[in-house]
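Step one of this worksheet: look at the structure below.
The values are calculated or read from the model by the stated rules, or taken from the named source; none is laboratory data. Just so you know, these numbers come straight off a predicted model, no measurement behind them. Reconstructed Cβ throughout: ideal geometry from the backbone, glycine too, with neighbour counts over all protein chains shown.
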Number of protein chains: 4
Amino acid sequence: MSEILADPGNYGYTFGGREPVAEVKPGIPIRLRTLDCFGGRVRTVDDLPSRVCEFPYLNPVTGPLFVSGARPGDTLAVHIVSLTPAAPVGISSTFPHFGALTSTGHTRTLQAPLEERVWLYDIDPAAGTVRYQARRSDFAVDLPLAPMLGTVGVAPAAGEVRQSIVPDVHGGNLDTPLLGPGATLYLGVNVPGALLALGDGHARQGDGEVCGVAVEVAMDVTVVVDVVPGVPTGTPRLETDTQLISLGAARPLEDAFRISQEDLVRHVAELTGLDLLDAYQLVSQTTHARAGNVVDPQYVMSAGIDKRYLPGTAAYGGVHDRLRAG
Amino acid sequence: MSEILADPGNYGYTFGGREPVAEVKPGIPIRLRTLDCFGGRVRTVDDLPSRVCEFPYLNPVTGPLFVSGARPGDTLAVHIVSLTPAAPVGISSTFPHFGALTSTGHTRTLQAPLEERVWLYDIDPAAGTVRYQARRSDFAVDLPLAPMLGTVGVAPAAGEVRQSIVPDVHGGNLDTPLLGPGATLYLGVNVPGALLALGDGHARQGDGEVCGVAVEVAMDVTVVVDVVPGVPTGTPRLETDTQLISLGAARPLEDAFRISQEDLVRHVAELTGLDLLDAYQLVSQTTHARAGNVVDPQYVMSAGIDKRYLPGTAAYGGVHDRLRAG
Amino acid sequence: MSEILADPGNYGYTFGGREPVAEVKPGIPIRLRTLDCFGGRVRTVDDLPSRVCEFPYLNPVTGPLFVSGARPGDTLAVHIVSLTPAAPVGISSTFPHFGALTSTGHTRTLQAPLEERVWLYDIDPAAGTVRYQARRSDFAVDLPLAPMLGTVGVAPAAGEVRQSIVPDVHGGNLDTPLLGPGATLYLGVNVPGALLALGDGHARQGDGEVCGVAVEVAMDVTVVVDVVPGVPTGTPRLETDTQLISLGAARPLEDAFRISQEDLVRHVAELTGLDLLDAYQLVSQTTHARAGNVVDPQYVMSAGIDKRYLPGTAAYGGVHDRLRAG
Amino acid sequence: MSEILADPGNYGYTFGGREPVAEVKPGIPIRLRTLDCFGGRVRTVDDLPSRVCEFPYLNPVTGPLFVSGARPGDTLAVHIVSLTPAAPVGISSTFPHFGALTSTGHTRTLQAPLEERVWLYDIDPAAGTVRYQARRSDFAVDLPLAPMLGTVGVAPAAGEVRQSIVPDVHGGNLDTPLLGPGATLYLGVNVPGALLALGDGHARQGDGEVCGVAVEVAMDVTVVVDVVPGVPTGTPRLETDTQLISLGAARPLEDAFRISQEDLVRHVAELTGLDLLDAYQLVSQTTHARAGNVVDPQYVMSAGIDKRYLPGTAAYGGVHDRLRAG
């Protein structure tokens, strides 16, 4: 088993533009540590991110990993075996001019920013909870621990290098709660070895990541990868034991929605042999449509269908079931 | 119990601009029939909507009902007791230049429209299923029967009259799968008697109503209403046994998202006494964000939070629980 | 010549839903007075609109006028002969949560609103200037007087009634600086007599009406109308001595852009006999694309082409030239 | 004078990620040749771009040029002295799923693409015209020759590498008709030497570049650069002899509009000493707001104000006037 620590030199702030830190093999579990999105610099409620972090060097991703045998035109399947918070406390915050309910660098206004505030969440792995504690009152409530990775991606095509905070067709900062243990992420491979990197663990996150920051925490990650040779993937897809999901990353949000739904329609048509309009109809009556993030440089929407409505089909030749079986 | 049939004179195509067809009393169940969105004109796969329907006279709503005691500034609570399909077959279709995966009258392009096609769904109330049958292959699959109302609203403010196909702060064509039996919809009252109207029953619908048309069916509806005096409601809200939900209607889709999330944050703050930023944080880690429709003149997003995270609170003085108890 | 004062009873706050105040004849000049968008209630810098005005009763429009002979399916041509400010001082302001550089009721955030502030502009008709005077410094500068009407429209189709602040296919609050003296506006007729109403005079306005308010002033208006029988108009169009213009009203702004450009392409194709793709190409290399408003419930973009690139053509049978000749 | 030919090795397809091809000095005119956006591969109406070009290797930019003395935190001023078409024929086309009046990879639909078609424009430098010739009829018309550069940019910040087709804060594929001879473009410097690159010459272009392609032509370019030390620039700005302009690149289009207008408000406030709200007001009554492109991965809007309304001010210490004087 490969084991990659989050030591300096093992992480960075981009997809593309960096040399691999390790080579990994399909089918062999990989263990790695990811830093939280603040790089560990926010430790107390007084550590305001805009003071202790150095913009835009946020959202470090561990890697990249060179996947043996992955070639441009293939699909990389990344199966998340387990996610374990590597710290007892998760952190959230507001940032000035970041988030969905504030003006931002894109949706600019002349208004003053919201207050910058930090929240700490006690994580209780045994109870399976994270504890919300208000900052300006005694209100507190336990929420389910529901670990996920915010950011998983490969090197982009055509020599592009993107900041790790950007989600796009190469994956990146997808920020969907669906990307948790037991899920398999499918990404198109653009360069030899794919150059996979991962980070931005969340102890939990609501749809949309509304304030811009989930319950952020360093994470002990176990993944296993596989390569589906000669099968390209356009926009990122997810598979769970029950659902087949397409992700769209774009602005405005309806374009993210359109990408995710159109890709799901085409995927369903391909798997079932339905013509496009028949697949469009089936998806229209069955899909979920949930916001991933509505705060990053591109927004993310997911489109998902229950696999029981697609009897007798197996996406990507059944790689999810094989990786799930371990 | 009031009983309103879908006879001519009992339905129309607008919110506002029409005289009440009946007066109803809070707390007394109301039974009514709603027509399907085609007004019953599409009966076979050869009845293309653009030929058999007269645009824009689609989406008839039964009513309006004058609610005794409802005054401007109050909130009308509409609790859906039961929804029973009033026909054995549900209908869906594509329309030329309508839907999320086609250019439209708003998102205009120079491309030719998609083919117009009709699908029929056999409804089996005993089995609790609707049957998808492809038009160009033998593929068929049973989907769960999950009845809901697409369109519920009141007369708009300031003398406006809106087509029933438009969702906005007065309700209207919200098209969210969350508006089913057991749910309570909260709408601000703009005129004496509120002038409630309902229609657009769906045997089921995916998030986003992607192709523009759900599994449409005439519906036998039982609702019970109540008036929350002196409590205004801005954007429509929903309550179920487990969730508190705000709906946002707007374009682009991120504005629908923002409205729904901002309203939920303010509602949570009001119910819990949290300050706005603390409520923003709690909502960020717990909300769902699902598309209602992404096809109507305004799009709809829902923001929902589990009520168990708001212990000791009751929205609108607990009216949902009272109506639910019957 | 008809003469309609802005007396009570002669104006209102909607398109549709009101009885005509006068009947007017094609070809006969009509003189009328329009109130400013505040209904005259803002007179000093201390008259903050949110205090002295009664929301949403803003933007009064004079009319509606019943145009003899106008029938559904016709086009109404409204030629603006002259616009003369009817007050010596124009007024502008910020509103809380209204404008392009603030969060709004649609683009909601949790931020505090901008300060509400009023500016007064001295109008010098002889010099042809309006004087900007800063409120927090001595900076002052003369700007060209460039009168226009923000709001011109007819009754909507299908029984709808829209607030006068809304621009859409029926015209309404278009807020484009192009709608000044010498311009002809083309609107589709939806009801017998068209029911034309006008208001919202601006002494001048920048593209986009960025802060939400132009240099607002009561206006003495002379218009002359004509009816183009049997020729429908979808989205509003404008014609000047040099340009042919299509207007698109929608959100997001790219949809307003798409509507305006698509309509211009179709108009050019129809006038020149070019096929759609050839017209698309010609428009692509020649069109202007300017923001009308980016603050109203729907945004407006204009698409315009110089008529010299369309030799030998005349829109709507040359009605602009005839009305211009007087 | 530097002279850089468009030889292999002197151009590429990204901003960032490439070594400088030459070092240039402030104040010394630079002559260079840029290829057309097709890299010269489209020569006849039968050379369909999707066949003769290799996606995504379009839009080559000449450079990058290392500007002596430019350091991160400075502003680079790029003054366009002259633009001369380097070919007698300009080329335009439609692309499948590219352009504003078609569905695209972002605004996805299930519709078939528009026809791909190529148009050739004879350029007559003496007459100052380019000749539009329809492909499906005899219609032809002369349009003014109005050369401009579609793409001018520097290396992005934080190690990012962006395809040359993307406009953003580093410049790039801005595609505004305002970027012609006599204009000065201001770009923030992110890396030592700035790494300036230029390309995508247009013989002319309409606002919005609606079909996705202007009248494309190789160009002989003369520019002169200067460095404004210690003065950062956020979003790209332009200056002409009469106007001060801010450019916003984003989706949706209203965000591009907001960025451009907010930046202009801040620039005007800084130059005049007006407070933000007074500057907001002045800009609201005077700005133009024109679409640059509405087809690239990010859209571009320009916000411009006549410099005569800002008496006694000089942007960036008057560098435009100095470069203009030559």
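For the reader, a short list of remarks on this structure follows.
- Residue in segment B:115-145 that is farthest from the other protein chains (Cβ to nearest Cβ), counting only those that are part of a loop (DSSP other than H, G, I, E, B) and exposed (fewer than 14 other Cβ atoms within 10 Å of the Cβ): B:Ala126
- Segment C:275-326: number of residues that are at the interface with chain D (Cβ under 7 Å from one of its Cβ atoms) and assigned to a helix (DSSP H, G or I): 8
- Residue within segment A:171-184 that is under 26 Å from D:Phe55 (Cα atoms) and either assigned to a strand (DSSP E or B) or at pLDDT below 95 (or both) present: yes
- Some residue of segment C:119-134 being farther than 24 Å from B:Pro156 by Cβ, of a type in the set (S, T, N, Q), out of contact with any helix residue (DSSP H, G or I) (no Cβ under 6 Å at 6 or more places or on another chain) and at pLDDT 95 or above: yes
- Within segment A:275-300, residues that are without any contact (Cβ under 8 Å) to a residue 40 or more places away in the chain and under 15 Å from A:Arg258 (Cα atoms) reach partners that are in a helix (DSSP H, G or I) and of a type in the set (Phe, Trp, Tyr) with beta carbons closer than 8 Å, at six or more positions or on different chains, in the pairs A:Ala289/A:Phe257.
- Test: residue in segment C:257-265 that is more than 7 Å from chain D (Cβ to nearest Cβ), closer than 30 Å to C:Thr94 by Cα, assigned to a helix (DSSP H, G or I) and among the hydroxyl-bearing types (Ser, Thr, Tyr): yes
- Residue match in segment C:49-72 (condition: within 26 Å of C:Val295 (Cα to Cα) and among the basic types (Lys, Arg)): yes
- Any hit, segment C:272-280, residues being modelled with pLDDT of 95 or more, buried (at least 24 other Cβ atoms within 10 Å of the Cβ) and under 20 Å from C:Val169 (Cβ atoms): no
Table: residues versus (1) buried (at least 16 other Cβ atoms within 10 Å of the Cβ); (2) of a type outside the set (S, T, N, Q); (3) at pLDDT below 95; (4) farther than 25 Å from D:Arg258 by Cβ.
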site	(1), (2), (3), (4)
C:Tyr57	no, yes, yes, yes
C:His79	yes, yes, no, yes
C:Pro88	no, yes, no, yes
C:Leu101	yes, yes, no, no
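- Residue check for A:Ala112: surrounded by fewer than 24 Cβ atoms within 10 Å (Cβ to Cβ) and away from chain D (no Cβ under 14 Å): no
- Note on segment A:227-257: among residues that are crowded, with 24+ Cβ neighbours inside 10 Å and charged (D, E, K, R), the one that is nearest to A:Thr102 (Cα to Cα) is A:Arg251.
- Tally of residues being over 14 Å from the mean Cα position of the chain (by Cα), closer than 26 Å to D:Gly90 by Cβ and aliphatic (A, V, I, L, M) across segment D:218-238: 2
- In segment C:153-177, residue farthest from the chain's Cα centre (by Cα) [restricted to those that are within 13 Å of another protein chain (Cβ to nearest Cβ) and among the hydrophobic types (A, V, I, L, M, F, W, C)]: C:Ala158
- Checked against the criterion of being among the polar types (S, T, N, Q), in a strand (DSSP E or B), at negative phi and not assigned by TED's automatic domain parsing to the domain that holds A:Leu253, the candidates A:Thr107, A:Thr84 yield just one match: A:Thr84.
- C:Ser68 falls short on exactly one of the conditions (1) buried (at least 19 other Cβ atoms within 10 Å of the Cβ); (2) of a type in the set (Gly, Ala, Ser); (3) touching a Lys or Arg at 6+ places or on another chain (Cβ under 7 Å), and that condition is (1).
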